Structures are given as C-alpha cells and as structure tokens.
1. In whole angstrom, how far apart do the alpha carbon centroids of segment A:94-129 and segment A:188-241 sit?
2. Net charge within 12 Å of residue B:13 by Cβ-Cβ distance, Lys/Arg positive one each and Asp/Glu negative one each, not counting residue B:13 itself?
3. Could you work out Rg/(2.2 N^0.38 Å) for chain A, with Rg from alpha carbons only?
4. Treat every Asp and Glu Cβ in chain B as -1 and every Lys and Arg Cβ as +1, leave all other atoms uncharged, and give the resulting dipole magnitude about the Cα centre to the nearest 20 debye.
5. Please list, short to long, the whole-number percent of alpha-carbon pairs of the protein assembly as shown in consecutive 20 angstrom bins beginning at zero.
6. Suppose R0 equals 51 Å. What FRET efficiency, 1/(1 + (r/R0)^6) with r the Cβ-Cβ distance, do residue B:129 and residue A:122 give to the nearest 0.05?
7. Roughly how crowded by other chains is peptide A:74-83, in terms of the mean Cβ count from those chains within 10 Å of each of its Cβ atoms?
8. If the only charges are +1 at each Lys and Arg Cβ and -1 at each Asp and Glu Cβ, what is the size of the charge dipole of segment A:145-226 around the Cα centre, to the nearest 20 debye?
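All of the numbers you see were taken from the coordinates with simple rules; none came from a lab. Because the structure is a prediction, the values reported are computed rather than measured. Cβ: placed from backbone, ideal geometry, glycine included. Neighbour counts: every protein chain shown.
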Amino acid sequence: MTAVLSCEELGRYYGQVVGLNELTTELGGGVIGLVGPNGAGKSTLLRLIAGEIRPSRGSLRVLGEEPFGNRDLYRRLGFCPQQDALYDDMTGFDIVRMLLRLAGYSTADARARAERSLERLSMTERMHDRVRTYSKGMRQRVRIAQAIAHDPEFLVLDEPMTGLDPLGRREVLELLRELGRAGTHVLFSSHILYEVEHLTAEIVLLHRGRLLAKGALPEVRALLSKHPRRVELTARRARELARVLIGCDEVVSVRVEPGEGAEQRLSVETKAVGPFFARLTAIAAAEPFGLGAMRSADASLEAVFDYLIA
Amino acid sequence: MNGIARASGILFQVHLLRTFRTRRALIAALLAAMPVGLAGVVAVVAPLEGGAPRELLLSIFWFFLVQTIVPLVALVMGSAVIAEEIEDRTITYLFTRPIPRAAVLFGRWAAVALPMLVLLVGAADLVVRLLSGAGKEALPEGFHGRMLVTVLLGGAVYSAVFAAAGALFKRPILVGLGYTFVFEGFLGNLPGANQKATILFYLRSYLMAGEHDMAGELQEAIFAITPADPAAAVRTLLLVLAGALALGAWRFSKREYVLSA
C-alpha cells in the first residue's frame, strides 16, 4: 500500500525561523492525530501537505505525488486551513458550491454536494445566510464542509475543533470518525490531546519543528516517560545530597557544579521525573541539605511530556 | 485550455457581483465622478465666457481623465485582483482546487475589469458630452467615439498591468503609484523617444490619428514625438495587456504565499 504521506529530511524555514526541521517519516493512512504544543510545526507540515507552501529542503510526497501546485492531487485531497478566513460577503452555500464547481462538478452536482456537506455539518438552516452573520463555530463548519464536499481520499484539517462549542466538537469528532470508517485517510492537528484520543490512537508528535514520536498513543507515552531528563537544583550541602541521590533507582547521573555563595549546583539526569520529585521531597524532609532552587533544564520538553501525560 | 477557461469563467461569474460590494468599487466610482464634476462646472461657466476653447476640453479629457483618473481607477481595482485574496487569506481555497492558478488571475481580473470599464467609459461619455456642449468648436466627426475607445483601452491595459503587479509585488499600490506618476507621467511627457515606452504614447497615437490640427493643440503641451500608426498603437496596447496578464499569471503560478494563521 502506498503511504499517504512520506517525507525525507523535510525542512521548511521562514527566513531565520525554523518551521519544520529534518522530518523523515511515513504515514500509512487511517485517522492520525498530529499533536504538539504551539510552534511545534503542525501547521507548517499541513500547509506543505496541502501544497500551500514549498519545502525549503528535503522531499515530501502526498498520495505518491509532490503537492505544490499539483492539480491531480487536489482532486483527491481535502484541506481545512487553520486561518479563520472566508468570503464574508458570500453565503456558506455559495462558497462551497463555487469551490465544488472549481473542482469540476456540474452546477447541479455542485449544488447537491454543497447541500449535503453543509447538512453533515448541521448548517442546513443557516447555509443561505451571509458568512459575516455566522458565529466562529459556524465559520469553522463551513471550512470543514468545503474540505469534505468532494469526498476526498485524504482529508487534512488544521485545528478543526477551533471555535466549536462542545456539541459542535462532538459532531465534528463523530463526522471524522465516520469518514475514517468509510476509508478516508484523515490527518488532523490539535493541541488538545483529549480530542485526539477520542478519535484515534495513532499520533504524530512534533516539537520545535522536529518529529518527537510517532505511533500508538500508549506507546508514545511509554517512550516519553522513559526519556531521561535533566533537573537542576541548588543546595548548600550539594556533595552530600549528590551521594544520596546517586543511590536512587530513578536517577541516571548527578553532576556537582560551582554555584553562587555557599550554594552549589546539582545537575541530575532522571529517567522518571515524577517519582524523582517525590523521592527528592522525602529526602529533603528527612535531612536538611539546604535545598534551594529547583528547575527542569528541559523545560519545553517537560511541557510536551506533561501535555502527553496529563 | 478548457480547464483554464472554465475555471476563469466560474471565478468571473462569482466575483463579478462581489466587485460591486467592495470599498474599492466605491473609491473607483468617486474617482470617476471627479472629471464628470469638473466637466459639469465647465459646462455651466463656459457659456458665460462665450464657450470653452477646444484646448481646454482636450486638456480636461487627456490630462485629467486619461492620464490621471483612468490609471488611478485601474490601480485601485486592478491591484486588488490578487492582493485581496492574499490579504483576506482566502487564496488557500483556490490554490487547493484542481485548477490552473492562472485562472484565478484571469477570472478575477475580468470580473474587476468589466464593471470598471463600464464605469470609466460611462464617465468619459458624460465628460465628452458636457464639454462638447460647452465648446466653441464642434469636435470632428467620430472623435467622440475614439475618445471613449481610448478610455476603454487605457482602463483595460492599466488594470492588467496593475493586476500583474499584484502578483509580482508585495505592495502593488505603491508600485502602481510609482509607475503611474513617475514612469508614465514623467517619461510620457518628456520629449524624446522615451515616450514610446509608455502606455500613454500609444493611447495618444490612437486618439489623435488623422487629427493633425487637434493633435497640435495637445502635442505642443506635452512635447510629443511623431505618433505611432493608430492600428499599430492598438496592437501594441493589446500586446501589453496580454503580456501583463501572461507575466502576472506565470508569476502567480510559481510564487508561494505564506499566510498568517
């Protein structure tokens, strides 16, 4: 089976800013969640897939084809962008119908499909009103409707739940699940793990433009929880504390460095940050080592970790 | 070709009505009303002075309408063809359809050009009628029609050039203003062969064809060189129009637009 997406050393830079860096991966299909904190590179990857922008380096193939300006691919691809942009002076129905006509459908077919897709997004009652009168959630529904209206083989959605109320979120999740069951490949980004979990166990985790993990969510969680991380402490009796810490199971290494005044710095590498903090609290309570500041050196990684573990 | 024509047709159809609802259309209408207002004032005042001299009529038509208002209206409308889709961030929807990107430029340009030309030619007709009525001497036969065609050609060519500028540059309005007033306005009125590099030269060549007396009235004021053959002038103008659209379409097809989220 051809991968719906394959990329090799894919990079995209915006001047000096790295949007995506050396991404090498392959996605087999099905429903896949693209997760990661803000600035992880999710939208950049989805824009590359939709052919809105070109890679700065490396290669990208979507359904076996290069996406930028590829008209054959656009017949098979549906894209819902993140930006809240629509033709405000047009009706939701007219927008979807116009885009269907541009996709090659006859006037009658375009009308029928536009009605059907908007109906699937519960927009039947308001579809003939101008977009400027819509709520944020309704605008989002129209954006999703135009992406699914031509029954694409591969559906790409950038933060599809944005602006939707809880009921709307549930409806869209159900719609995506239904599309996935019907054989549509769905790749959607979200920074809310709860939503992703409700739809699929398959995730791609990006962080700072790089691929951090890929696979089933439980496996990714297990992988990340084993990832050694660094914690920095300050203590007046640092050498004695280091001796105690090195005997703990969850500690991989401890390094003592000069600090300010009477305090010294300790750099601790741990393979299980939660149990480590619990152990440290117990040690500090049992014997006063003059423990001062405490922080994770991998703060952003920790954010990702916490985000996944939450 | 069928794909590009069909997609252009759909976009033309959809955006034609939208054009009337834009703020740019209102600005264009206000601009087009200015020479009509001026011609109206002349029409009221001139009879008191025994009629307006033909030089005045020609100057208002040429310097104010053709050389200033036509490019400005074309700039306001033409530069929006692509820039509006980019600014509104709606271009994504069109880029992810199986259509040649050039169709977006062609369809949207046609949707802007048609109402704009109706507006400009309508305004020109009113100007010519008002000024002719107030003039001491009648305009030569057929000259009224040629004046309208001059405005039609000017509007079409300038709007195509500015539509292309929208695809080529980030700030097409600034580029267009520079082009209109520095390049066309300055170069087009300097004595010498440099005039041949301007659209104005070919518009003037078409307008003044065979009108040696009147040509003198206008040309003395603008240091004109020998005008081009009128048929060749029209051919050149159509070539510029087609070239501008082709260049804009080519650039638009190749360029990527990074939209903010």
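1. If you average the Cα positions of each part, the centres end up 41 Å apart.
2. Its environment carries a net charge of +4.
3. In units of the 2.2 N^0.38 Å rule of thumb, it is 1.25.
4. On the way: 21 positive and 16 negative charges, 268 e Å.
With Lys and Arg at +1 and Asp and Glu at -1, about 1280 debye.
5. Percent of Cα pairs in each bin: 18, 36, 25, 15, 5, 1.
6. Working: r = 56 Å, r/R0 = 1.11.
It comes to 0.35.
7. 4
8. 500 debye
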